[in-house]
Amino acid sequence: MDADTYLRCDISQLQDPYLLRGMESAVERIKEAISSQETVAVFGDYDVDGITSTCLMTDFLTQCGLTVYPYIPDRLDEGYGLNNDAISNFYDHGVSLIVTVDCGITAAEEVSFASELGIDVIITDHHECQEGIPQDAVAVVNPRQANCHYPNKELAGVGVALKVACAVSGQDEEMLSRYGEWVAIGTIADVMSLTEENRFLVRLGLNKIAHDPSPGVDALLIQSGTKGKKITSTSVGYTLAPRLNASGRLGKAMVAYRLLTETDPREAQLLADELCDLNRQRQEIETEIWNEARHMIQDSDPMGPIVLSSDHWHPGVIGIAASRLADQYSFPAVMIYLNGDLGKGSCRSYGSFNIFDALSACSSYLEGFGGHAQAAGLTIRKENIPSFCAALRDYYQENATKESSVLTCNLLVQDPQLLSRTNVQALDLLEPFGNGNPSPVLCLLGATIYDCRSIGNGKHVRFRLSYQNTWFDCVYFSHSITQMPVHDGDVVDMAFHAQINDYNGVQSVQLLVVDIRPHQPEALCRQLIAAPEEVLWCCHQHCPTRNDFVSVWKSLTAQGTELPSSFNLLLSRCPENVAPENYLLCLQVWMELGLLIPGPDGSILGAKVDPEQRKINLQDSKILQAIQ
């Protein structure tokens, strides 16, 4: 994609829904149901993607004049996906068509059972497709199924539901306008790639949330303290989505469904309050599980996938704890809730490791599994857990690629004026940020930090950063002062995201720390010796002053007229009041202007002062001109 197309991010990114395999059959069956005024059930999932998918499909089919039963299974009592008890209940209520959303691709037996009762099933899903796709379904719409030529394999479940609505109605823009906010919330919450079509869908939905939210979303914005603030994928992912997700995790997904579909603002506010109470309960349970999980492995140093099990963990919350374990130890994590001899587990990957493929390879030890490359679920018998652990460890050792611990920055900021409010606001053109479209990581080298203090009950750190006589406010989330590798007054290198902070109506640039370390000049210094012309572009802050040249010359003549041929010895001769980079640049300028004779390898290592010294003009230096 070219830059212009990327920055426009307009409706041209939208793909034809009929490119989805199975769409024609799905549309034909839904139109038949509309014509015959059938009773339809929409069967969803209890996560945010599933809830928003259920809202969308139920509302759309209702708008088509159908009697619709929305159904989200109880996570604790029913578990994931279609089940025969629910299907029997639909049959008793005269349902003749079931449309699944965000689930169903693994429900071959359940679809066969529905077919035996005379109920047709349309599967709309986006999860990885195993062998045994439901053959008795009248249609299967899933971009990941074999021989599906739809370009966007990263559609969320709610995205697939939207495509069905667009295909049936033939009204893309009307469907986008009506359902944009649900599509954005579900896509962000399910961590789908925010590129191309998904990026357009999410940007459109975020704009709807910011300027014309539905009563339910507006109530959630108010309750979460997000109302009136800039709405981004980050605020949805870390503020709205966890509250919606909490209801499903605690077996009350219909609370979130009712909130999102509520039209009365007063009732919506009551539901938002209830949802946030559920989220607080979820946080307490999560903390207990997390502390116990860390205690279970505190005496060991994991060298591969982490698999833990317990008979008293909350099955709806173990997935969050698994994510934290994966992030903490940099390995995939599986946490299993045991109910008698049967366990249900949540799996989270780390880095580029595909946890779904791993479960496929270890499937002989599992009763069932499903999910994505980064997150999955499984069912396992208790006696098979040790064998599963060994098989997963072996698969990981054979297939995992070593994840780089190096943080790559997108831009080295040499001039602090680049971080003006106007320029930082211009980064909004790159939004929404997320999976596949990360926020740019900028960096400053050789800045100084001051006034470090704790915020958020000690969970975070705020400090000020000084760079070339310019000051910035900085926040380092999820790090306490004791975890900081630097202290007040230290010279540091810092990677960060830049954003606009709006406090009491006053806007200012704020830097969100990604990582920070004591200033490390060695890498640049080695390059300044080996190939200075290649790194002059990042040496603006190290341009030597007249005082630097004077100090270095005094030091050079006091210690002899020949420079050491060793890198470490050369740096050891740097005067205390001169930065190492400035020191080496002084030497390079003198060698360029003929005051130093190059060493044996043509560099400043082993260089000598020219005995026939002559006057030089520093401003004749191409090096200084390039830096300045």
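One table, with the values for the structure above:
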item	result
Candidate set from segment 490-512 (those that are open to solvent by less than 40 Å² (accessible area, probe 1.4 Å) and of a type in the set (Gly, Ala, Ser)); member that is nearest to THR234 (Cα to Cα)	ALA498
Among the candidates THR226, THR234, residue that is of a type in the set (S, T, N, Q), outside any loop (DSSP other than H, G, I, E, B) and touching a residue at least 12 places away in the same chain (Cβ under 8 Å)	THR234
Among residues of segment 1-34, those that are under 22 Å from THR124 (Cα atoms), charged (D, E, K, R) and open to solvent by 30 Å² or more (accessible area, probe 1.4 Å), counted	6
Among (1) open to solvent by 90 Å² or more (accessible area, probe 1.4 Å); (2) part of a helix (DSSP H, G or I), the one test that PRO611 misses	(2)
Filtered residues of segment 343-375 (kept if touching a Ser or Thr at 6+ places or on another chain (Cβ under 9 Å) and within 18 Å of ALA293 (Cβ to Cβ))	GLY343, LYS344, GLY345, SER346, ARG348, TYR350, ILE355, ALA375
Test: residue in segment 51-67 that is in contact with a helix residue (DSSP H, G or I) (Cβ under 9 Å, 6 or more places away or on another chain), open to solvent by 40 Å² or more (accessible area, probe 1.4 Å) and under 23 Å from GLY237 (Cβ atoms)	no
Boolean, PRO416 is in contact (Cβ under 8 Å) with a residue 24 or more places away in the chain and not charged (D, E, K, R)	yes
From the options GLU592, GLU562, GLU581, GLU576, residue that is of a type in the set (Asp, Glu) and free of Cβ contacts under 8 Å to residues at least 12 places away in the same chain	GLU576
Matching entry among SER565, SER603, SER621, SER572 (being within 25 Å of VAL491 (Cβ to Cβ) and of a type in the set (Ser, Thr, Tyr))	SER572
Members of segment 555-574 found to be more than 20 Å from ILE597 (Cβ to Cβ) and either surrounded by fewer than 18 Cβ atoms within 10 Å (Cβ to Cβ) or in contact with a Lys or Arg (Cβ under 7 Å, 6 or more places away or on another chain) (or both), listed by number	ASN568, LEU571, SER572
Residues (part of a helix (DSSP H, G or I) and under 27 Å from the mean Cα position of the chain (by Cα)) located in segment 389-402	LEU392, ARG393, TYR395, TYR396, GLN397, GLU398, ASN399
Matching residues, segment 102-120, being outside any strand (DSSP E or B), under 14 Å from PHE43 (Cα atoms) and of a type in the set (Asp, Glu)	ASP102, GLU110
Segment 426-464: number of residues that are touching a residue at least 40 places away in the same chain (Cβ under 8 Å) and in a loop (DSSP other than H, G, I, E, B)	8
Segment 403-425, subset in a loop (DSSP other than H, G, I, E, B) and open to solvent by less than 60 Å² (accessible area, probe 1.4 Å), residue nearest to LEU194 (Cα to Cα)	CYS409
Matching residues, segment 574-628, being among the β-branched types (Val, Ile, Thr) and over 23 Å from GLN541 (Cβ atoms)	ILE597, VAL609, ILE616
Residue in segment 499-512 that is within 23 Å of the chain's Cα centre (by Cα) and modelled with pLDDT under 90 present	yes
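A quick yes/no check of all residues on (1) within 27 Å of LEU82 (Cα to Cα); (2) of a type outside the set (Lys, Arg); (3) part of a loop (DSSP other than H, G, I, E, B); (4) open to solvent by less than 10 Å² (accessible area, probe 1.4 Å):
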position: ILE289; (1), (2), (3), (4): no, yes, no, yes
position: HIS312; (1), (2), (3), (4): yes, yes, yes, no
position: ILE336; (1), (2), (3), (4): yes, yes, no, yes
position: LYS344; (1), (2), (3), (4): yes, no, no, no
position: PHE356; (1), (2), (3), (4): yes, yes, no, no
position: ALA373; (1), (2), (3), (4): yes, yes, yes, no
position: ILE380; (1), (2), (3), (4): yes, yes, no, yes
position: SER387; (1), (2), (3), (4): no, yes, no, no
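Residues are listed down the side, and each one gets a yes or a no for (1) out of contact with any Pro (no Cβ under 8 Å at 6 or more places or on another chain); (2) at pLDDT 95 or above; (3) surrounded by fewer than 17 Cβ atoms within 10 Å (Cβ to Cβ); (4) within 21 Å of TYR396 (Cα to Cα):
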site: LYS252; (1), (2), (3), (4): yes, no, no, no
site: TYR257; (1), (2), (3), (4): no, yes, no, no
site: PRO265; (1), (2), (3), (4): no, yes, yes, no
site: LEU270; (1), (2), (3), (4): yes, yes, yes, no
site: GLN283; (1), (2), (3), (4): yes, no, yes, no
site: GLU286; (1), (2), (3), (4): yes, no, no, no
site: VAL317; (1), (2), (3), (4): yes, no, no, no
site: ALA322; (1), (2), (3), (4): yes, no, no, yes
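The values are calculated or read from the model by the stated rules, or taken from the named source; none is laboratory data. A quick note: this is a predicted structure, and the numbers were derived from the prediction, not measured. Here the Cβ is made from the backbone with ideal geometry for all residues, glycine too, and neighbour counts use every protein chain on show. Protein only, heavy atoms only, side chains kept; ligands, DNA and RNA dropped before computing areas. Shrake-Rupley method; radii C 1.70, N 1.55, O 1.52, S 1.80 Å.
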